[in-house]
Amino acid sequence: MQGNPFDFSGRHVFVAGGSGGINFGIAQAFARAGASLSLISRSADRVESAASRLRELGIDAIGVAADVRQPDAVGRAFSQAAARFGPIDVLVSGAAGNFLAKALDMSPNAFKTVVDIDLLGSFNVLRLSHEHLRKPGACIIQISASQASVATPYQLHVSAAKAGIDMLTRGLALEWGAQGIRINSIIPGPIQETEGLRRLAPTPETLKAMADRVPLKRLGKIEDVSRVAMMLASDWGSYITGTVIAVDGGLFLTGPRDFSAAAQASRRD
Ligand code: COA
Ligand code: NAP
């Protein structure tokens, strides 16, 4: 193997849901490694401001407003990104929505909204990316969650959607492997200073309870996740596909979580 495996100069990284949080942190890591970045998210302001922060690092980046629930908009965003930076070397699919709610407090539309964003949205992103992926060589990283495999009260919508996402990872590893496309899921643990964790642990008490459950006894940092994303996308990950990798300080070993106190604290009424 020649050169620095973590030099992404000349590579094109596309991040769906890239305007903030963990996904933006992954985008930043690839930008610092020299890649050109394409970001999409719903809000034109947020996604353009995120792209502009990346350009301050001295690389090229574009931000395109596209809701992953709208295939036409996602398709246009891929065409625009490929016209600008060429074939996609790394695709990160991480657009998601979440809230704590008991099954009986969720309308069919509440459940559907999260499944539409997380699961159907990921399907749209993956399917529409295909014609623009570098073949062979592209690496896809899906951002999943522990709810995919650990039964979690107040999280039925997310559990169903993320379980589906991990099965997309496994199925596409089989369908697209012969074209030299790798795909894996990352399961972040509770990552500090993110919107996702604010929704699941809205008070100092629930945050502390979450950190105490983690075998490594700390919350995760965005860079804990972005480093693994970079490893998967580098030559060091060249024989890894179809896997689901937990980056969670061992939280997956501890079984179902009790979100009742957090759900009480985050009630809408
Ligand atoms: N409890 C129960 N139902 C809820 C809810 C809650 N806390 N929050 C929203 N809903 C319901 C709404 O009432 C609506 O259902 P209804 O039409 O039957 O009333 C449905 O969910 C859709 O809500 P809406 O606000 O129209 O959806 P949206 O598409 O504008 O936003 C969300 C999507 C709800 C997921 C919103 O929280 C969001 O944009 N999240 C993105 C950020 C995020 O969640 N980050 C963490 C990622 S892990
Ligand atoms: P976040 O900052 O809210 O990130 C979600 C991103 O998705 C935002 O950029 C948002 O931008 C975008 N998005 C939401 N709905 C969209 C849609 N319909 N179309 C396009 N983009 C959309 O939350 P986060 O906590 O960093 O979470 C990032 C990922 O990590 C998610 O997949 C989440 O499930 C996963 N995760 C997080 C944690 C955690 O501790 N935070 C733990 C496990 C898994 P716009 O609002 O501009 O659309």
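The table below lists the values:
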quantity: The range 89-130: number of residues that are farther than 25 Å from Arg11 by Cβ, within 12 Å of the chain's Cα centre (by Cα) and more than 8 Å from ligand 1 (Cβ to nearest atom); calculated: 2
quantity: Subset of the range 216-250 (residues that are crowded, with 16+ Cβ neighbours inside 10 Å, in contact (Cβ under 8 Å) with a residue 40 or more places away in the chain and not in a helix (DSSP H, G or I)); calculated: Ser234, Thr241, Gly242, Thr243, Val244, Ile245, Ala246, Val247, Asp248, Gly249
quantity: All helices (runs of 4 or more DSSP H) inside the range 136-215 with 1 or more residues being more than 27 Å from Ile88 (Cα to Cα) and touching a Lys or Arg at 6+ places or on another chain (Cβ under 7 Å); calculated: 204-213
quantity: Extreme residue, farthest from Gln70 (Cα to Cα), among residues of the range 29-48 that are within 16 Å of ligand 1 (Cβ to nearest atom) and buried (at least 16 other Cβ atoms within 10 Å of the Cβ); calculated: Arg46
quantity: Subset of the range 127-159 [within 13 Å of ligand 2 (Cβ to nearest atom) and either over 30 Å from Gly86 (Cα atoms) or surrounded by fewer than 18 Cβ atoms within 10 Å (Cβ to Cβ) (or both)]; calculated: Ala145, Ser146, Gln147, Ala148, Ser149, Val150, Thr152, Gln155, His157, Val158, Ser159
quantity: Members of the range 53-79 that are more than 23 Å from Ile143 (Cα to Cα), in contact with a strand residue (DSSP E or B) (Cβ under 9 Å, 6 or more places away or on another chain) and of a type outside the set (A, V, I, L, M); calculated: Arg55, Asp60
quantity: Residue list for the range 71-98, restricted to those being over 17 Å from Phe30 (Cβ atoms), in contact with a helix residue (DSSP H, G or I) (Cβ under 8 Å, 6 or more places away or on another chain) and of a type in the set (S, T, N, Q); calculated: Ser79, Asn98
quantity: First in the range 111-125 and more than 8 Å from Ala95 (Cα to Cα), second anywhere and of a type in the set (Ser, Thr, Tyr), Cβ under 9 Å, 6 or more apart; calculated: Val125/Ser93
quantity: Residue in the range 80-92 that is in contact with a Pro (Cβ under 9 Å, 6 or more places away or on another chain) and either in a helix (DSSP H, G or I) or at pLDDT 95 or above (or both) present; calculated: no
quantity: Near pairs, Cβ below 8 angstrom, 6+ apart or cross-chain, from the range 180-195 (on the phi > 0 side of the Ramachandran plot) to any residue that is at pLDDT 95 or above; calculated: Gly180/Lys135; Gly180/Pro136; Gly180/Gly137; Gly180/Ala138; Glu193/Ile222
quantity: Members of the range 169-192 that are hydrophobic (A, V, I, L, M, F, W, C) and surrounded by 14 or more Cβ atoms within 10 Å (Cβ to Cβ); calculated: Leu172, Ala173, Trp176, Ile181, Ile183, Ile186, Ile187, Ile191
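The values are calculated or read from the model by the stated rules, or taken from the named source; none is laboratory data. All values derive from a computational prediction rather than experimental measurement. Glycine also receives a Cβ, built like all others from the backbone with ideal geometry; neighbour counts cover every protein chain displayed.
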